[in-house]
1. Got a sec to turn the phi values of region 86-99 into Karplus ³J(HN,Hα) couplings, 6.51 cos²θ - 1.76 cosθ + 1.60 with θ = phi - 60°, whole Hz, x for Gly and Pro?
2. Using the membrane-span-like helix rule (whole DSSP H runs, Cα extent along the own axis of at least 20 Å, mean Kyte-Doolittle hydropathy at least 1.0), which helices of the chain qualify?
3. Report the net charge of residues surrounding ALA83, where surrounding means a beta-carbon distance below 13 angstrom and charges are Lys +1, Arg +1, Asp -1, Glu -1.
4. When ligands, DNA and RNA are left out and all protein chains stay put, how many square angstrom of accessible area per residue does the chain have with a 1.4 Å probe?
5. For ALA126, enumerate residues with amide H under 5 Å from its amide H, sequence gap 5+ or separate chain, H modeled in the peptide plane.
6. For the chain, what is the Kirkwood hydrodynamic radius in Å, using each pair of distinct C-alpha atoms?
7. I need to check one value: relative contact order of the chain, counting alpha carbon pairs closer than 8 Å and at least 6 residues apart, in percent.
8. Rank by packing, highest mean first: peptides 63-70, 140-147, 9-16, with packing defined as the count of other Cβ atoms within 10 Å averaged across residues.
Amino acid sequence: MDCLVNLYSQRMAALAGRVENVEAVIRVALPPELHFVQNWVRENFSEYWVSELTVAMAHQPPGCLIATVDGQLVGFACYDATARGFFGPTGVAESQRGKNIGLALFYHTLAAMKAHGYAYAIIGSAGPVEFYVKAVGAVPIKADKEDIYQGLLRVRPKPEAGA
């Protein structure tokens, strides 16, 4: 299910207050870091997300924000990867979850989208819909599996030998 976020909602200001003391540095990823972020996303998430990250990083300025703790990459969030106005993919290292780093990445990415002229953001195939609803009042968009990802080529398991 997709979700819609109003970037001019008062909920954005409330979200900013919730993440101001997060103990991670959130910043735009630099192009020379692309290979490093790609490898990290590949190891922690999926090759699909590496593809989206690569597209987001090709924009000027890059459409990827990263979170670091003590100089170590612990999370990322992208926008304008699969389609213009789309937030995601985003992920945080398992060891850093529960520290509001994902929430901070979400806020700062939405703020970057607003700064680039977007009034709304779409979260495509939003996994934790309730997280986004609670965080910023995202509105679920029902589409009966008719979303941008329909027909996506997927890796299929290799058949077993002799089968």
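The values are calculated or read from the model by the stated rules, or taken from the named source; none is laboratory data. Fair warning: this is a prediction, and the values are worked out from it, not measured in the lab. FYI the Cβ positions are ideal-geometry reconstructions off the backbone, even for glycines, and counts take in every protein chain you see. Protein only, heavy atoms only, side chains kept; ligands, DNA and RNA dropped before computing areas. Shrake-Rupley method; radii C 1.70, N 1.55, O 1.52, S 1.80 Å.
1. 8, 8, x, x, 8, x, 10, 3, 3, 5, 10, 6, x, 10
2. Flagged H segments are 101-115.
3. Net charge around ALA83: -3.
4. I get 59 Å² per residue for the chain.
5. ASP2, CYS3
6. 16.4 Å
7. Dividing the mean separation by the residue count of the chain yields 33 percent.
8. 63-70, 9-16, 140-147
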